[in-house]
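A.B. asks: First the structure, then my questions, so here it is.
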Amino acid sequence: MKEQIIHRWNPHEEITPYISLNEMKQTHFDLLLSFTLFKMSNYNIKRTGKIATFKFKNPFAVRYSIENDRIDLIKAKHIDNGSIIEKPIWPLFIIENSTLLKWQKDLGAIVEYDEQRLTCYAFTEEEYLIEILCEKEPQIQIENE
């Protein structure tokens, strides 16, 4: 397998380095991820008063795991200056050559045509790592709490 490569992903200017999962809801055609946004203030993490919701249309696959258990991503190559290994840790990224994509391919769920169209989006927060294979970027909505 090709080496996994992590790319920093910042799809909206109001996203902060600290997020906490509120809700993960999957319907027949959509996946909604809702996060509370936090900021650092005087060495304390505080709420910004904002909620970020990501809506994925027709996600191909979703996987979540305990963030600490993903040694494969902790040791992955980070090619962007603002990758998740910097401080503050950036919580959104795109994974090139992801193990989720490989797993789906090994199961026979993905053919080469799909493999070239799908992107692996990832979110890391205080407890979980959530990976989504999807053809299109999610719609993003920022609202007040």
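The values are calculated or read from the model by the stated rules, or taken from the named source; none is laboratory data. As the structure is a computational prediction, the values presented were derived from the model and not from experiment. Note: ideal-geometry Cβ built from the backbone for every residue, glycine included; neighbour counts use all protein chains shown.
A.B. asks: Considering only residues that are hydrophobic (A, V, I, L, M, F, W, C), assigned to a loop (DSSP other than H, G, I, E, B) and crowded, with 17+ Cβ neighbours inside 10 Å, which ones fall in segment 1-23?
C.D. replies: Passing the criteria: 9, 15.
A.B. asks: On to the next question. Buried (at least 16 other Cβ atoms within 10 Å of the Cβ), of a type in the set (D, E, K, R) and in a strand (DSSP E or B) - does that describe any residue in segment 24-33?
C.D. replies: Checking segment 24-33: not a single residue is buried (at least 16 other Cβ atoms within 10 Å of the Cβ), of a type in the set (D, E, K, R) and in a strand (DSSP E or B).
A.B. asks: Please determine, by comparing only the residues of segment 87-145 that are polar (S, T, N, Q) and touching a helix residue (DSSP H, G or I) at 6+ places or on another chain (Cβ under 7 Å), which one is nearest to residue 22 (Cα to Cα).
C.D. replies: 124
A.B. asks: Okay, moving on. For segment 37-68, which positions are surrounded by 17 or more Cβ atoms within 10 Å (Cβ to Cβ), farther than 25 Å from residue 133 by Cβ and not aromatic (Phe, Trp, Tyr)?
C.D. replies: Hits for segment 37-68 are 48, 50.
Yes/no per residue for (1) among the polar types (S, T, N, Q); (2) out of contact with any Ser or Thr (no Cβ under 9 Å at 6 or more places or on another chain); (3) over 20 Å from residue 46 (Cα atoms):
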| site | (1), (2), (3) |
| --- | --- |
| 92 | no, no, no |
| 97 | yes, yes, yes |
| 100 | no, yes, yes |
| 104 | yes, yes, yes |
| 110 | no, yes, yes |
| 116 | yes, yes, yes |
| 123 | no, yes, no |
| 139 | yes, no, yes |
| 145 | no, no, no |
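A.B. asks: Tally up the residues in segment 128-145 that are touching a strand residue (DSSP E or B) at 6+ places or on another chain (Cβ under 7 Å) and in a loop (DSSP other than H, G, I, E, B), please.
C.D. replies: The qualifying residues number 3.
A.B. asks: Return yes or no: is residue 105 under 20 Å from residue 12 (Cβ atoms) and either at pLDDT 90 or above or surrounded by 13 or more Cβ atoms within 10 Å (Cβ to Cβ) (or both)?
C.D. replies: Taking the combined requirement at face value, the residue does not satisfy it.
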